[in-house]
1. If a/c stays under 1.5 just call it rounded; otherwise compare a/b with b/c (prolate if a/b is bigger, oblate if not). Do that for the stretch 118-190, with a ≥ b ≥ c from the square roots of the Cα gyration tensor eigenvalues.
2. Identify, among 157, 147, 109, the residue whose Cα sits farthest towards the positive end of the charge dipole of the chain, taking +1 on the Cβ of Lys and Arg and -1 on the Cβ of Asp and Glu, with the dipole about the Cα centre.
3. Computing the accessible area with a 1.4 Å probe over protein heavy atoms, can you report the carbon and sulfur percentage for the chain?
4. Using a simple charge model, +1 on the beta-carbon of Lys and Arg, -1 on the beta-carbon of Asp and Glu, nothing else, what dipole does the chain show about its Cα centre, in debye to the nearest 20?
5. Lys/Arg Cβ at +1, Asp/Glu Cβ at -1, dipole of the chain taken about the Cα centre: which of 80, 122, 91 is farthest positive-ward?
6. So if a site counts as exposed when it's one of the GluC sites (Glu not before Pro), its DSSP state isn't H, G, I, E or B, and it has at most 12 other Cβ atoms within 10 Å, what's the longest stretch of the chain without one?
7. With charges only on Cβ, +1 for K and R and -1 for D and E, what is the dipole size of the stretch 127-204 about its Cα centre, in debye, rounded to 20?
8. Identify which of the listed values of semi-axes √(5λ) of the Cα gyration tensor in Å was calculated from the structure shown: (i) 32, 19, 16; (ii) 23, 22, 17; (iii) 28, 20, 14.
Amino acid sequence: MDSSGWDRRYAGSELVWSAGPNRWVEEVAADLPVGRALDLAAGEGRNALWLAERGWTVTAVDFSAVGLSRARSLAARRLGDHTDRLRLVEADLREYAPAGHAYDLVVVAYLQVGEEVRRPALRAAADAVAPGGLLLVVGHDSDNLAHGVGGPQDPAVLYTAQDAASDIEGSGLGILRSEARTREVATDEGPRTAIDAFLLARRQ
């Protein structure tokens, strides 16, 4: 889906995603010391806002102007006098180049694009990680199509944690975790299991 498609999706009255952070982002970042964070493909800003509420200075990047406008409105309500902790950048990740070695935490959550876009985007994300910093990549796993629930139904935009690890090979980051993870999802037919790709890496 291009930026205009996401603009139409975000233009509805309700949040497309939950107001709270992604569970894997919360798990990784809950006990980290605050610092500078970069949230790529930030959408409506749920992860960026959660980090900013905890004291992080966050740059949130997305190509949907409507999604970022929603994030801006949420920030005004949730951050109060601390809206300066959140910087919103409208940009396409095919063209956006973050500052190198500048962020203590870089998050790429559910960037579901073809390999020709994903690989350079994840490489740029890895290059943005500061010494001692972390890169967290979360996506709908390739196995989710046959064995999970939800997410895109196009196998070309699904990937594994090993794919993500290959994308950042040679970036100077050491892989801490590279695995498939499951999470329970409520559906009309009852609870179902979704499968995510999970990659956590650190620059030494």
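The values are calculated or read from the model by the stated rules, or taken from the named source; none is laboratory data. Treat the numbers as computed from the prediction; the structure is a model and nothing was measured. Because the Cβ atoms are built from the backbone with ideal geometry, glycine has one as well, and the counts that use them run over all protein chains shown. Surface areas here come from the heavy atoms of the whole protein model, side chains and all, with no ligands, DNA or RNA. Shrake-Rupley method; radii C 1.70, N 1.55, O 1.52, S 1.80 Å.
1. prolate
2. Checked the options; the winner is 109.
3. For the chain, the apolar C and S fraction of the accessible surface comes to 47 percent.
4. 540 debye
5. 80
6. Details: sites that count: 14, 95, 169, 189.
Answer - 15-94.
7. Dipole magnitude for the stretch 127-204 comes out near 380 debye.
8. Matching entry in (i) 32, 19, 16; (ii) 23, 22, 17; (iii) 28, 20, 14: (ii).
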